[in-house]
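A quick write-up on the structure given underneath.
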Amino acid sequence: MARIAAVVLAAGEASRFGAPKQRLLLPRVLERLHGASVDEIVVVEGAHTLELPPPSAAASPSVRTVSCPEWRRGPGASLRCGLAALSEDVDAAVVLMADGPNLSSGSVERLVGEWRASGETVAASYDGERGHPLVVGRSGWTDVPDEGLRSRPARLVPCDDLGVPGDVDTEQDLRGL
């Protein structure tokens, strides 16, 4: 069976938030990912050093951080660092943001299932709009532009029934969750 990894983008400066929001939000995102069928998780850090929460006794899969010195270039630079750090036998990556604390493990499962069935790049959609997570096979890992994969085509998979993962940019966004 194809091996799936998750790449959590957490390298940004969080200037609009005014503090390293990923330190606050990452534990919840990782908790949600532990409910999904991914074989490994890589968290990409950049502007801020991150400490991973201690693993629980039943924690699976393994989680590790990778530093991205070029994080200022954009989310694509962070994604390239994360993809390069994945094990050689990983066939596809679930790409998600550390500032989406309401991520549903069900949306990850749905997207992985769609990727397994089609082999196409797939992205969650909410109200018909492309969002996160995104699943991209190894063949799509080349030439990732600095702005990320948003400009690349992806088949949208409706995930409205599972809830929007959120996008915390300000303290007000956090209070709204």
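The values are calculated or read from the model by the stated rules, or taken from the named source; none is laboratory data. Owing to the predicted nature of the structure, the values given are computational and were not obtained by experimental measurement. Neighbour counts are summed over all protein chains in view; Cβ atoms, including those assigned to glycine, are modelled from backbone coordinates with ideal geometry. Side chains included, ligands, DNA and RNA excluded: accessible areas come from the protein's heavy atoms. Shrake-Rupley method; radii C 1.70, N 1.55, O 1.52, S 1.80 Å.
Considering the conditions (1) within 27 Å of residue 1 (Cβ to Cβ); (2) among the polar types (S, T, N, Q); (3) surrounded by fewer than 18 Cβ atoms within 10 Å (Cβ to Cβ), residue 49 is excluded by exactly one of them, (1). Within region 58-91, track down each residue that is open to solvent by 70 Å² or more (accessible area, probe 1.4 Å), at pLDDT below 90 and under 15 Å from residue 44 (Cβ atoms). Hits for region 58-91 are 64, 72. The sole residue among 114, 171 that is at pLDDT 95 or above and either among the basic types (Lys, Arg) or more than 19 Å from residue 44 (Cβ to Cβ) (or both) is 114.
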